[in-house]
Amino acid sequence: MKITRNPKEIHQPVAPYVHQIEITGPQKWLTLSGQIGMEEDGTIPEESTAQLKIALENIRKNLESANMEVQDLTKLVFYLVGEMDAEQRKQIIGDFLGQHLPCTTLMYVVALAAPSIKVEVDAWACQEM
């Protein structure tokens, strides 16, 4: 069973996420390698928001290949290089998640695996059996 909480003793979330997800009972876990904004043909758009959309879609495709869906996500970690408009970022992530609120972390980093990569997203998912 997955139980989401925002303890009243902690500030309210500052974006669409929850502070914690408790998981008990039998479940299936999926841990993904960091997903980048690379298309299936190997191309990477220059714009970071386009990379974010592709990285999230790559997460969706990974979930589907494991017979899981976005609602099974428990944690997302966003690594961003350079500036990205916060409102655009929130809109893209909100469109991807819909009403689902996983735990999230966002970090600005100096660099990722290659100079053209401006976005990487780690994901964890859990499905009750």
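Could you give every pair whose Cβ atoms fall below 6 Å, whose first residue belongs to segment 15-43 and is more than 30 Å from Arg5 (Cβ to Cβ), and whose second residue is assigned to a strand (DSSP E or B) and modelled with pLDDT of 95 or more, counting only separations of at least 6 or pairs across chains?
Here the result reads Ile36/Glu120; Gly37/Val119, each pair linking segment 15-43 to a residue that is assigned to a strand (DSSP E or B) and modelled with pLDDT of 95 or more.
Residues checked against (1) touching a Cys at 6+ places or on another chain (Cβ under 8 Å); (2) at negative phi; (3) among the aliphatic types (A, V, I, L, M):
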{"residue": "Pro45", "(1), (2), (3)": "no, yes, no"}
{"residue": "Gln51", "(1), (2), (3)": "no, yes, no"}
{"residue": "Ile59", "(1), (2), (3)": "no, yes, yes"}
{"residue": "Glu64", "(1), (2), (3)": "no, yes, no"}
{"residue": "Asn67", "(1), (2), (3)": "no, no, no"}
{"residue": "Leu80", "(1), (2), (3)": "no, yes, yes"}
{"residue": "Phe96", "(1), (2), (3)": "no, yes, no"}
{"residue": "Cys103", "(1), (2), (3)": "no, yes, no"}
{"residue": "Ser116", "(1), (2), (3)": "no, yes, no"}
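For (1) crowded, with 18+ Cβ neighbours inside 10 Å; (2) of a type in the set (Asp, Glu), each residue gets a yes or a no:
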site: Lys28; (1), (2): no, no
site: Gly37; (1), (2): yes, no
site: Glu57; (1), (2): no, yes
site: Lys90; (1), (2): no, no
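May I ask you to list the residues in segment 98-118 that are closer than 19 Å to Ser33 by Cα and under 11 Å from the mean Cα position of the chain (by Cα)?
Pro102, Cys103, Thr104, Thr105, Leu106
For residues in segment 103-127 being in contact with an Asp or Glu (Cβ under 9 Å, 6 or more places away or on another chain) and touching a residue at least 60 places away in the same chain (Cβ under 8 Å), which is farthest from Gly42 (Cα to Cα)? Walk me through it before giving the result.
First pass over segment 103-127, keeping only residues in contact with an Asp or Glu (Cβ under 9 Å, 6 or more places away or on another chain): 105, 108-109, 112-113, 116, 118, 125-127.
Next, from what is left, pick out any that are touching a residue at least 60 places away in the same chain (Cβ under 8 Å): 112-113, 116, 118, 125-127.
Values: Leu112: 16, Ala113: 14, Ser116: 12, Lys118: 15, Ala125: 25, Cys126: 29, Gln127: 30 Å.
Residue satisfying both the conditions and the ranking: Gln127.
Checking Phe96 against (1) touching a Leu at 6+ places or on another chain (Cβ under 6 Å); (2) surrounded by fewer than 16 Cβ atoms within 10 Å (Cβ to Cβ); (3) under 22 Å from Cys126 (Cα atoms), which test does it fail?
Status for Phe96: all satisfied but (2).
So that you can scan it fast, the table gives a plain yes or no per residue for (1) in contact with a helix residue (DSSP H, G or I) (Cβ under 7 Å, 6 or more places away or on another chain); (2) in a strand (DSSP E or B); (3) closer than 19 Å to Ala50 by Cβ; (4) among the aliphatic types (A, V, I, L, M):
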{"site": "Phe78", "(1), (2), (3), (4)": "no, yes, yes, no"}
{"site": "Glu83", "(1), (2), (3), (4)": "no, no, yes, no"}
{"site": "Phe96", "(1), (2), (3), (4)": "yes, no, yes, no"}
{"site": "Leu101", "(1), (2), (3), (4)": "no, no, no, yes"}
{"site": "Thr105", "(1), (2), (3), (4)": "no, yes, no, no"}
{"site": "Leu112", "(1), (2), (3), (4)": "no, no, yes, yes"}
{"site": "Ile117", "(1), (2), (3), (4)": "no, no, yes, yes"}
{"site": "Ala125", "(1), (2), (3), (4)": "yes, yes, no, yes"}
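Hey, which of the strands (runs of 3 or more DSSP E) in segment 1-43, taking only ones fully inside, have at least 1 residues that are at pLDDT 90 or above, in contact with an Asp or Glu (Cβ under 9 Å, 6 or more places away or on another chain) and among the aromatic types (Phe, Trp, Tyr)? Show your work before the answer.
Numbers: elements: 2-5, 20-23, 27-36.
In segment 1-43, there are no strands (runs of 3 or more DSSP E) which contain 1 or more residues that are at pLDDT 90 or above, in contact with an Asp or Glu (Cβ under 9 Å, 6 or more places away or on another chain) and among the aromatic types (Phe, Trp, Tyr).
Within the group Val77, Val109, which residue is at pLDDT 95 or above and either in contact with a Lys or Arg (Cβ under 6 Å, 6 or more places away or on another chain) or closer than 18 Å to Ile23 by Cβ (or both)? Before you say what the answer is, go through the steps one by one.
Numbers: Val109 fails: either in contact with a Lys or Arg (Cβ under 6 Å, 6 or more places away or on another chain) or closer than 18 Å to Ile23 by Cβ (or both).
None of the others qualify; the one that does is Val77.
Can you name every residue in segment 17-59 that is over 28 Å from Ser116 (Cα atoms) and within 14 Å of the chain's Cα centre (by Cα)?
Looking only at segment 17-59, we keep the residues that are over 28 Å from Ser116 (Cα atoms), and these are 17-29.
Across segment 17-59, the qualifying residues are Tyr17, Val18.
The values are calculated or read from the model by the stated rules, or taken from the named source; none is laboratory data. Predicted model, so just to flag it, every value in this text is computed and none were measured. All Cβ positions, even for glycine, are placed from backbone atoms using ideal geometry, and neighbour counts span all protein chains on display.
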